[in-house]
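Notes for the one structure printed next.
The values are calculated or read from the model by the stated rules, or taken from the named source; none is laboratory data. Worth saying up front: this structure is predicted, and the values here are computed from it rather than measured. Heads up, the Cβs are rebuilt from the backbone with ideal geometry, glycines too, and the neighbour counts pull from every protein chain shown. Remember, those area values only see protein heavy atoms, side chains included, never the ligands or the DNA or RNA. Shrake-Rupley method; radii C 1.70, N 1.55, O 1.52, S 1.80 Å.
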Amino acid sequence: MVSIYTAMFALTMQGFSQAPASAVKEVHSHLSHIANAVCCVQEKGPLDLSPPLSRGSMSARAFDRAPAIWRELPPPVAPYSPANLPSDKVYVAMVFPVVNATSYRNSFNDMRSGFRHTGIDIQAPKMRPIVAPFSGRINFKIYSFWIYGDNGYRCLGTHLNDDTPGSNDGRNNMDFMFAPNLRPGDRVQMGQLIGYVGNSGDATGPHLHFEIHGPKGIRNPYFSLKSGQKLSGPRFPLTRASDRPSAGQTRFEVCFRGYNPKTNNMNVIAVAKQTSNGAVTAYAKPTFVNINVRSEVAPDTFPLENPTDVPTDRVFSVYARQSNGAWIAQRIVPPVEE
Ligand SMILES: [Zn+2]
């Protein structure tokens with residue numbers, strides 16, 4: 001056990017991009033055929049919530065800000081002890097944090113090896129979208145997030161996906177773990193995409209371990225989950241909703257990932273799109289798009305020629321048309337820097 005957490009700590013200190021695959025323990029459950037089949041995913045010990053990590057793609061300036069955010073929005077830490085957890089029923093208004101059908105049972109307070117289970121394990125396939133159960137401010141570190149809700153409650157979710165889709169490589173690509181448009185301390189809206197279900201850390205199978213912390217400490221999230229509103233897809237809080245694409249045009253809400261000055265192709269990860277009839281669709285999985293940007297289209301405030309100045313975790317709008325199978329940008333509205 002000690003070696004696992006030493007390895008996790010080493011992983012934490014190295015950041016996302018250099019994390020060795022071997023540091024992430026993959027345990028495939030042999031328990032699924034044993035009597036209580038619903039109880040086949042769980043954790044083996046306390047969460048590592050030691051201080052923060054940068055996103056692999058986070059700018060140096062944003063990372064410099066992270067320690068202050070960590071002090072301002074520290075992770076809620078669950079008790080790690082064999083003592084009984086509080087049994088009172090609380091009903092926190094929320095949307096269910098995993099989209100589409102999922103299975104879970106009331107495993108809060110279950111005895112594990114020397115400690116009580118401090119949350120509910122929501123089982124779902126890898127890469128199933130996780131959404132904000134309520135609005136508030138988010139902070140996160142590798143494969144865990146927590147939200148300080150406007151409602152006075154905090155929630156925490158962990159075991160987000162750390163694998164390249166279709167593999168078990170534990171490479172910690174942030175674009176397959178979290179929504180691209182999150183920065184520590186950001187406000188998130190109820191139903192907004194947070195990230196993806198996985199089996200990271202000491203999970204024995206893909207699931208979201210979900211905790212609720214009230215003003216008086218940890219509470220059983222089961223009752224809130226039971227009464228939570230289930231979504232069939234993430235929501236996207238569209239800014240400038242009146243600024244619709246024209247006929248034949250698509251508005252993409254995207255985060256910057258790269259630019260090739262030879263081809264004028266910009267690579268982005270799309271968060272949502274809007275068609276000219278006004279319909280908005282939030283993407284439910286990481287979706288990379290290449291968009292051709294001629295120099296006269298990029299505004300002066302959007303330094304494509306110097307892309308390290310373009311933040312990778314802020315959303316901006318691209319109004320584009322399709323031509324011969326390629327997307328051609330017609331207008332770009334740069335990200336808003338707070
Ligand atoms: Zn759990």
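A few remarks follow.
- Taking residues in the stretch 141-163 that are assigned by TED's automatic domain parsing to the domain that holds PRO46 and farther than 12 Å from ALA78 by Cβ, and partners anywhere that are more than 16 Å from the ligand (Cβ to nearest atom) and among the acidic types (Asp, Glu), the pairs with Cβ atoms closer than 8 Å and at least 6 places apart or on different chains are ILE142/ASP162; TYR143/ASP162; ASP163/ASP169.
- Single residue of the stretch 234-256 satisfying the filter (at pLDDT below 95 and basic (Lys, Arg)) that is least open to solvent (accessible area, probe 1.4 Å): ARG240
- The set of residues from the stretch 240-268 being polar (S, T, N, Q) and in contact (Cβ under 8 Å) with a residue 12 or more places away in the chain comprises SER246, GLN249, THR250, THR263, ASN264, ASN265, ASN267.
- Applying the criterion of being open to solvent by 20 Å² or more (accessible area, probe 1.4 Å) and among the hydrophobic types (A, V, I, L, M, F, W, C) to the residues of the stretch 91-105, the residue that is farthest from the ligand (Cβ to nearest atom) is ALA93.
Yes/no per residue for (1) in a loop (DSSP other than H, G, I, E, B); (2) out of contact with any His (no Cβ under 9 Å at 6 or more places or on another chain):
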{"site": "ASP202", "(1), (2)": "yes, no"}
{"site": "GLU211", "(1), (2)": "no, yes"}
{"site": "ILE218", "(1), (2)": "no, yes"}
{"site": "LEU231", "(1), (2)": "yes, yes"}
{"site": "ALA247", "(1), (2)": "yes, yes"}
{"site": "ARG251", "(1), (2)": "no, yes"}
{"site": "PHE256", "(1), (2)": "no, yes"}
{"site": "LYS262", "(1), (2)": "yes, yes"}
{"site": "VAL268", "(1), (2)": "no, yes"}
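- Residue match in the stretch 106-125 (condition: in a loop (DSSP other than H, G, I, E, B), within 16 Å of the ligand (Cβ to nearest atom) and open to solvent by 50 Å² or more (accessible area, probe 1.4 Å)): yes
- Matching residues in the stretch 164-209 - criterion: being under 22 Å from PRO74 (Cα atoms), within 16 Å of the ligand (Cβ to nearest atom) and among the hydroxyl-bearing types (Ser, Thr, Tyr): SER200
- Within the option set PHE178, PHE223, being in contact (Cβ under 8 Å) with a residue 40 or more places away in the chain and closer than 14 Å to PRO129 by Cα holds for one residue only, PHE178.
- Subset of the stretch 286-307 (residues that are open to solvent by 50 Å² or more (accessible area, probe 1.4 Å) and either touching a helix residue (DSSP H, G or I) at 6+ places or on another chain (Cβ under 9 Å) or part of a loop (DSSP other than H, G, I, E, B) (or both)): PHE288, ARG294, SER295, GLU296, ASP300, THR301, GLU305, ASN306
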